[in-house]
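What follows is a short report on a single structure.
The values are calculated or read from the model by the stated rules, or taken from the named source; none is laboratory data. Bear in mind that the values here come from a model prediction, so they are computed numbers and not experimental data. Neighbour counts run over all protein chains shown; Cβ positions are idealised from the backbone, glycine included. Accessible surface areas use protein heavy atoms only, side chains included; no ligands, DNA or RNA. Shrake-Rupley method; radii C 1.70, N 1.55, O 1.52, S 1.80 Å.
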Amino acid sequence: MKQFKKEDTVMLLVDHQVGTLNFSANRPHEMIISRTRALARFAKALDIPVVLTSSQEDQAQGMLLQDLQELLPEEYANRVKRAGITNAWDDEEYKAAVLKAANGRKNVIMAGLTHDVCIVWPSMSMQEEGFDVQVVMDAGGSPTQIADDIAKQTWESKGVRTTSINQLASEMVHSWASEDGQKVLPILFEEVFSKIGQFA
């Protein structure tokens with residue numbers, strides 16, 4: 001298993017919208033938001049390119065979370081607004097934006113809402129096209145646990161890895177004593193460790 005490094009990684013946050021958050025009933029919304037905030041802050045601290053995308057903002061999905069606009073204002077302004085294509089990788093504008101941001105990087109951190117529709121398809125498509133993809137499970141969810149479990153089984157069958165926020169952070173920084181570790185550890189304490197016991 002290849003270890004991801006900040007120099008060869010791009011982060012894709014998919015459809016973290018106020019409406020799609022409500023479609024995710026198998027995980028506390030506060031958990032999804034805190035982990036998504038942590039990912040956005042990790043990317044900023046480690047200089048990892050981020051691409052944001054949304055689907056049908058004028059319908060039930062709604063706007064991207066305000067947290068993303070505050071933490072990643074430039075990426076928010078440049079977000080790809082999809083017209084409803086469920087597999088974001090099939091959207092030409094989105095694919096072009098990702099390839100430009102990646103600039104040759106082949107490791108992909110992906111998180112979003114919902115796993116059973118908006119994550120399972122692009123994660124597998126990118127894996128099939130030669131990218132190594134990890135899905136951060138606790139930064140997203142599905143309408144039911146059954147849907148979440150099946151999505152996870154489906155993408156893992158195609159080689160996509162499943163990870164969690166803490167596992168990803170430890171993989172990326174290698175050592176808490178390193179310069180990067182010292183950047184990331186306060187984010188973990190503020191967004192994750194301070195909430196231990198609040199979520200299952």
Tell me, what is the FRET efficiency for Ser170 and Glu93 to the nearest 0.05, using R0 = 30 angstrom and their Cβ-Cβ distance as r? 0.30
For the range 57-200, treating each Cα as an identical point scatterer without solvent, what Debye log10 I(q)/I(0) comes out at q = 0.09, 0.17, 0.18 1/Å? -0.31, -1.19, -1.33
Per DSSP helix of 4 or more residues, -39500 (n - 2.57); summed, then divided by the residues of the chain. What does that give at 222 nm, rounded to the nearest 500? -13000 deg cm²/dmol
Please work out the average accessible area per residue across the chain, using the 1.4 Å probe convention, and give it in Å². 44 Å²
Taking the simple approach of a point 7 Å from Cα along Cα-to-Cβ for both Ile196 and Lys106, what is their distance in nm? 3.7 nm
Using only protein heavy atoms and a 1.4 Å probe, report how much of Lys2 is accessible, in Å² to the nearest 10. 100 Å²
Thr86 accessible area, assembled protein chains, probe 1.4 Å, Å²: 70 Å²
Charges at C-beta only: +1 for Lys and Arg, -1 for Asp and Glu. How large is the resulting dipole of the chain about its Cα centre, in Debye rounded to 20? 300 debye
Give me a comma-separated list of calculated 3J(HN,Hα) values for the range 141-148, in order, Karplus coefficients 6.51, -1.76, 1.60 applied at θ = phi - 60°, integers in Hz, x for any Gly or Pro. x, 9, x, 9, 5, 4, 4, 5
At 20 °C and a viscosity of 1.002 mPa s, what translational diffusion coefficient does Stokes-Einstein give for the range 1-81, taking Rh as the Kirkwood radius over Cα pairs? Give it in µm²/s as a whole number. 161 µm²/s
Can you give the direction-averaged projected area of the convex hull of the alpha-carbon atoms in the range 7-140, in nm²? 7.0 nm²
Got a number for carbon plus sulfur as a percent of the range 1-78's accessible area, 1.4 Å probe? 48 percent
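Pop out the carbon and sulfur fraction of the accessible area of the range 117-200 as a percent, whole number, probe 1.4 Å. Don't skip to the answer; put the middle values down first.
Values: 2160 of 3850 Å².
Its accessible area is 56 percent carbon and sulfur atoms.
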C-alpha center-to-center spacing [the range 139-200, the range 38-52] in angstrom: 14 Å
